[in-house]
Amino acid sequence: MMKPINDRVVVKPAPADEKTKGGIIIPDTAKEKPQRGEVVAVGPGKDGNDMNVSKGDVVLYGKYAGQEISWEGTDYLIMREDDILVILEG
Amino acid sequence: MMKPINDRVVVKPAPADEKTKGGIIIPDTAKEKPQRGEVVAVGPGKDGNDMNVSKGDVVLYGKYAGQEISWEGTDYLIMREDDILVILEG
Amino acid sequence: MMKPINDRVVVKPAPADEKTKGGIIIPDTAKEKPQRGEVVAVGPGKDGNDMNVSKGDVVLYGKYAGQEISWEGTDYLIMREDDILVILEG
Amino acid sequence: MMKPINDRVVVKPAPADEKTKGGIIIPDTAKEKPQRGEVVAVGPGKDGNDMNVSKGDVVLYGKYAGQEISWEGTDYLIMREDDILVILEG
Amino acid sequence: MMKPINDRVVVKPAPADEKTKGGIIIPDTAKEKPQRGEVVAVGPGKDGNDMNVSKGDVVLYGKYAGQEISWEGTDYLIMREDDILVILEG
Amino acid sequence: MMKPINDRVVVKPAPADEKTKGGIIIPDTAKEKPQRGEVVAVGPGKDGNDMNVSKGDVVLYGKYAGQEISWEGTDYLIMREDDILVILEG
Amino acid sequence: MMKPINDRVVVKPAPADEKTKGGIIIPDTAKEKPQRGEVVAVGPGKDGNDMNVSKGDVVLYGKYAGQEISWEGTDYLIMREDDILVILEG
């Protein structure tokens, strides 16, 4: 199990060809494209601020957010909560 | 549904040729030109500060504000509330 | 109507050839030259700090302050209150 | 009349050849040379901090401090209070 | 014994070929690769904030985190707690 | 008399060939060499923090600290208190 | 005697060939190498934060930390407490 420090979050990125029920499509523009993934571990927060995301949330995050690790054969990203843009529902 | 994190806001940009009742026209100058859109989702705020914009507000924001995403066939921008300049009314 | 976000202010710039009763003349030097305008809308303040300018105030602001917009045929500047230097009276 | 915003101060620079009773002489070195002037208007302070200078104070300030304006035929500088170095007395 | 100052932590890096029970494998990508190690000393915290890691924790940290020292024949890294990404368990 | 603003301090630099009883000698290395002087005026402090130096203290300060002024025929440096390194005694 | 200002500390660096009982050896790598020394004077702290090091502590600090001075024939370094990495004991 991974216990993130402070305001860090562990995210399991969604496969590139996977689609949500809502049908997220990242447009082909010059702007930075957000990525989608599922939160698998959440830190306790930093400087007494609570965390807004929870384990199981499907989130969008910036393309260059986080550091890659591999744990028991699965790739994850470790990022700060503020690198997450939105939680997707439905 | 998209639930923004912290002080983030989801904005649906207005079509380039659309005009408000007030007749917003962006002048052709060297200065950065603000864009217009409608707020569709608002985060809970950051560090205990309340949010000033609400769902449904028509807003102006900086040209380079936010990250583009597409959700159920519609393009949106995800930005911080402070990237919004003014709320338009009437 | 424009409702500024946080500590933003909407200013209607004075015409270049207009003179106040006090006769403001910007000297021709290498220093940044402030501009004059009238405040037409004031935000609620940021992080609980009150605003010092009011609608109707005639103000000087830095030459490069703000973003230009056009609303109902009139050009405005949207800037942060701290970009304003002084309120002129008389 | 000019009412400075926040922690700003309006200073009337002393003529280059004027001397105070104390005989301020700026040495000719490579270091930035402070300038002398008289405070003519003081803002209310910023973020709840009081101002230390008062109208009528003769002050020294950094050579590149402030922005130049002309008001009723006189040149002034608008700067932040913290750009002022010392108040001169006597 | 080493007593870290403020929010600093002393980490004993794991040998490059060692594997945890969980089988951490760092993927071969262009992103910065985190490293694994064991916490051997923890500072008292900084500015009144408590520390989240404890002596004995196995942690991942950024590749360029910390400064190397050698103490009684063993190499260690001294880093700030916030350079640690996650605590590994199991 | 000079009354420094906020956390500023007026220092009268010691002559280059003067020696204290303690025999301060600045070594000839590539590092920045501190200078010695006597505090002649102290500001009220900034943001409610008290000042640690007093009028009459002999202090060391960084070589490039402060701005030079001349007052009644004597050269002084105006610097922030935090540019002072140590107070010398004895 | 030297009384450091705010959070500054005076350190007497250990001779390059000296060894502690614990046998500190700095490895020969590309990373910045910490140095060892003994604390001889400690400031009162900054902004109300207490100091963690005491006079007599043997400490490691970054190679480029501090400014060199010589006092009564001995070389010292003046640095901020946060430039110290660990206190060594035993």
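What the table below lists for this structure:
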{"read-out": "Tally of residues being of a type in the set (A, V, I, L, M, F, W, C) and either over 21 Å from residue F:7 (Cα atoms) or part of a helix (DSSP H, G or I) (or both) across segment D:58-77", "value": "3"}
{"read-out": "From the options F:43, F:62, residue that is surrounded by 19 or more Cβ atoms within 10 Å (Cβ to Cβ) and modelled with pLDDT of 80 or more", "value": "F:43"}
{"read-out": "Check on residue A:22, at pLDDT below 80, at positive phi and part of a loop (DSSP other than H, G, I, E, B)", "value": "no"}
{"read-out": "Leading residue by the ranking (surrounded by the fewest Cβ atoms within 10 Å (Cβ to Cβ)) among those in segment B:68-90 that are over 22 Å from residue C:78 (Cα atoms) and in contact with a strand residue (DSSP E or B) (Cβ under 8 Å, 6 or more places away or on another chain)", "value": "B:74"}
{"read-out": "Some residue of segment C:31-38 being facing chain D (nearest Cβ under 10 Å), farther than 30 Å from residue B:7 by Cα, under 8 Å from the mean Cα position of the chain (by Cα) and touching a residue at least 40 places away in the same chain (Cβ under 8 Å)", "value": "yes"}
{"read-out": "First in segment F:1-13 and at the interface with chain D (Cβ under 7 Å from one of its Cβ atoms), second anywhere and buried (at least 18 other Cβ atoms within 10 Å of the Cβ) and among the polar types (S, T, N, Q), Cβ under 6 Å, 6 or more apart", "value": "F:5/D:52"}
{"read-out": "Some residue of segment C:43-57 being part of a strand (DSSP E or B) and in contact (Cβ under 8 Å) with a residue 24 or more places away in the chain", "value": "no"}
{"read-out": "Answer residue from segment E:39-90, given it is aromatic (Phe, Trp, Tyr) and within 13 Å of chain A (Cβ to nearest Cβ) and is nearest to residue A:47 (Cα to Cα) among those", "value": "E:61"}
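The values are calculated or read from the model by the stated rules, or taken from the named source; none is laboratory data. Being a predicted model, the structure only gives us computed values, none of them experimental. Because the Cβ atoms are built from the backbone with ideal geometry, glycine has one as well, and the counts that use them run over all protein chains shown.
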